[in-house]
Structures are given as structure tokens and as C-alpha cells.
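Here the structure comes first, spelled out in C-alpha cells, and everything after it is commentary.
Nothing in this text is a laboratory measurement; each read-out follows from the coordinates by a stated rule. None of these values were measured; they are calculated from a predicted model. We place every Cβ from the backbone using ideal geometry, glycine too, and count neighbours over all the protein chains shown.
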Amino acid sequence: FLMAFSNNKKEIKLLENEIHKSQRDVINYCTDHNESFLATLNLPGKVTPQIELLQQKLLSLRDKKLPPISQASQTIIQQETSYLKDIDKSYSTLKHIDKLHDLIAMPQLLSQCISFENYSSALDLHDYTYRLMNAFYDEQDKDTKKFKLFEDIQTEMGSGVHLLLAKLIFTLKTENLSSTRACYKSVIEPLRRLNCCSEFEMRELFMTHRTLYIQQKMEDDFQLSIKPSSIQALEYMKQVTELLNTQTSLLLRQYSSMFSPQNKKMSSSEESKHHFHLVRSTTFQQHLLEPYVAKMKTAMRHLTRLIDVREFIVECLDELYKRFDLHMLITPLVDAQTKKILDASCMTIQSNYEHALQMFNWKITKEDRLQSEAAKDPMHQMFLLYHPIANLVNDLIQLLNDIRLCPLMRLKDDFLDALKSLFRKQILFTIRFENHFPFILDEEYRVYRNLLKCLQQQVPRYIMGLVEKLYPIGPLATSQLLESLHDIE
């Protein structure tokens, strides 16, 4: 029994040790996991408000209609489709990364080609750039928003195209472009490839800037001095007219060649008709003909000889009138200047006659009589005795020659009136001369009366004979001139 008791006592001791060890393990575990244990205890307090909030939301949706599941699914499908397209674009961009590098360099290459005036290569780069950008989009995606990179490239390419257009217009306005082929290759063909304007607008652009070039060339190449002589003014008018004829002929020929209907060569009659309408256009009138007429008006004021007017008519206007309808603009200027020169010549003749009459020695010596009697021609006798009449007849012959060389039929009446007025002034001045000059001797007065008689009778007859010789088939009507002089007699 004692032995059994002793064994039980040991077992009790072991049990007590196990109990104490279990208690220590529980204490240690609780000590190590105190925070998690406390948090677990507080969890219901945190979850409860969220449950209450969810309960309130559910109660608020009790009377509301929920969206159908199909609408939500469609939205999800659309978003997924958009995401897939973006993914495809990204894959396409990575696949063509080398071409994108080339695309980024295109604006700079375009600017360099334009700077070196290699317009054909510039346009090739422009077309290639847009083909390359369109390669990244399929037919269904052309209306969608492009990449930001492509938008920047398009902006820079657009700036390059504007620069190219400005340089083409500058070339039209400033360069010579005497070769039709060079003009077409360097200007017209790039304009058509740019497709920035219609065919009609391109024609107007070409005509406007080429006429401005000719106008500027007339301003720069020839300058009229402040006080030119008649010969200098005539030379200036010839040069400007020749420039106008040459340049306009080239312009019309280029226009017909480059803008002919359906690129067909026109016949001579069709080309003449085409030119007829062109030179009457508002652009041609404003940029060329009106400035030309203004220059001719300025220079013509300095013409002081009828022979210069004749030379301008023969060498300039005859050719100019065949191409342009300038009769209404140039003819009044020519007529006005011719009348002005005629009036000035008549005034000079009258002044020379008055001066010679005042300086005339009214005493005719025996030697003068013998010298005049030796002459067989009665008019020659009169010239030897009366020097004022000799000077007058010489001046009249010079004036008649100038009038004969100036082929202006429309001024016939003006010429006749000028001669008639000139004779009347000379006769009236000679008659009044008696009241201002004291004729002391009868011989002096007799000489005066004979001079007046010669001026009234013999000089007009002599001039009539000269007119018949100077104007056998001339522009002036001989019979009318003779009748006018006969009225004076």
C-alpha cells in the first residue's frame, strides 16, 4: 500500500508540474499575442457602423429602378474595345518605330529643301510624310483623334507648306523667269501639287504677280531726270515702251502655254482672241497700262519738237496700238503736247519777226537795189530787200516741214488754225508798227508800205506754192490749207 501510495504521489507531482507548465505557456502566449487579441475584441465595434451604412444605402435603393445589366455590359464592352484599339496602336507604333524616327525628321528635311529651292523634293517629302502617317490608321479609324506626335508633325509640315507658298509667290513677283519651261517647273507645277487653290485662282495669282514684276522693272531699270531735254525724254519713252512690249509679249506667251484649255496648243486666231481678253482685264490695266500711261504723261511734257513727237508715234505707238487698246489713254496726251509744241513754235516765229522788224534798217541803199535787181526770182529780190520777211519765210518753212513729218490727220484743223492765227498776228503787228515807229523820210515809209504789201500778198502766195510741193499726198488737205491762207490774203 505504501508503495502504491508513493507511486501515486509521484504521479501527482508530475501532474502538478504539467499544470504549471501549461499555465506558463498560456501566460506567454497571451503576452505575445495581446494586441491581435485586443484588436479581435474591438472588431465588432468597427464593422457595425459600416454595416449600418450599407443598410441605409440598401434602404435608399428600395424604391429606385436599378439599371439593366445589358446597359452596363455594353458600356464595359465599349471601354474594352477602346482599350484594345489603344493596345493595337501601341503595338503598331512599336512595330514601326524605325519609320517613326524618319517621320520625326521630315519637317527639318522639308525646311532644308525649301531653303535650297528644291521644291520638287520638298513636295515629295510632304506627300511621303502624310502617306506614312496614314499607314498607322485603318479605314475605320481615320476620323479618330491622332497621336499627339502626329499632330505636332502636321503643324510643322503646315508651316513648311506656308513657307513654300510664300517663296513661290516671291519668285513670281521678283524673278525674271524668261524661260516658259523653267517658269512651269519652278512655280506652276509646285503650286498645282500643293493643291492650295483652284485653277482660276492660280491664273489670277500668276497674272497679278507677273504684272507687278513688270511694273517694278519699269520703275527700277529706267529713271527720268528732273529736267530732261527733249531727246532724253524721247529716249526714256522708247526704253519704257520697248520693255513693256517685250515683257508683256513674254507674259502672254507663257500664260497661253501654261494655262491653255486641256493643255492643247491654241491656233493663232484663238491665241489672239485670248490675248485680247487678257490685256483688257482689270489686273492688266491697273498694274501695267495705267502706270505706263502715267510715265508717258510725265515724259511727254518735256518733248519740245514736233519731230520728237513723230518719232515717238512711229517707233513706239504703232507697235503698242497693235497689242493694247491705248488710243483713249495715249492719243489725248500726244494731241495735247503736239498743240503745245505748235503754239510754242508759232510764238517763237512771231517773236523773231517782231524783233527783226524792230531791228530793220528802213533805208535801202543803192547796193541793196542793185543786188536785188540782179536776182531773177521775185521772191529772192524781196528776201534781199526785206530781211524780216526772209527770216519769217525760213521759220515758216521749218514749221511746215515739222508739221509734214508729224502724221496726225486728226490735228489738221489745229495746224490750219495755228498758221492762220500766225499770219494774222504778223500782219496786225506790222500795221500797228506804223504808229510806234517814226518814219521821218518818205523813203522809209515807202519801204514800210512795200514790206506790208509783200507780207499781205506775196508771202501767202509763196507759202501756198511751198505747201503744194511739201504736201503732194501728205496727211494735211492741201486745198483746205490753201483756202485758209487765201482768206488771210
Which whole-Hz ³J(HN,Hα) couplings does region 170-177 yield from phi under the Karplus relation 6.51 cos²θ - 1.76 cosθ + 1.60, θ = phi - 60°, glycine and proline marked x?
4, 5, 4, 8, 10, 8, 5, 6
Can you give the extra length, in nm with one decimal, that the chain gains between S257 and E242 once fully stretched, where that is 0.36 nm per residue apart less the Cα-Cα distance?
3.1 nm
When each of K148/K185; K339/K469; K297/K469; K363/K469; K363/K412 is checked by Cα-Cα distance, pairs over 32 Å:
K148/K185; K297/K469; K363/K469; K363/K412
In nm, to one decimal, how far is the modelled label at R24 from the one at R305, with both set 7 Å along Cα→Cβ?
14.8 nm
At what distance in nm do the modelled label points of A294 and A182 sit from each other, each positioned 7 Å from its Cα along Cα→Cβ?
3.0 nm
Using 0.36 nm per residue, how much length does the chain from E373 to D102 gain when fully extended, once their Cα-Cα distance is taken away?
86.6 nm
When Lys and Arg each count +1 and Asp and Glu each count -1, what net charge do the other residues less than 13 Å away from V447, Cβ to Cβ, add up to?
0
What distance in nm separates the two pseudo spin-label positions at N134 and F116, each 7 Å out from Cα along the beta-carbon direction?
2.8 nm
Pairs to check: K227/K295; K217/K238; K217/K322; K217/K295. Give those whose C-alpha atoms are more than 19 Å from each other in this structure.
K217/K322
Can you tally the net charge around A336? Count Lys and Arg as +1, Asp and Glu as -1, for every other residue whose Cβ sits under 10 Å from the Cβ of A336.
+3
Expected output is a single nm value to one decimal: the length gained when fully extending between R193 and K363, i.e. 0.36 nm times separation in residues minus the C-alpha distance. What is it?
51.9 nm
In a shell of Cβ-Cβ distance under 10 Å around W362, excluding W362 itself, what net charge do Lys and Arg (+1) and Asp and Glu (-1) give?
0
With r defined as the distance between the Cβ atoms of R449 and D127 and R0 fixed at 60 Å, what FRET efficiency is calculated, to the nearest 0.05?
0.05
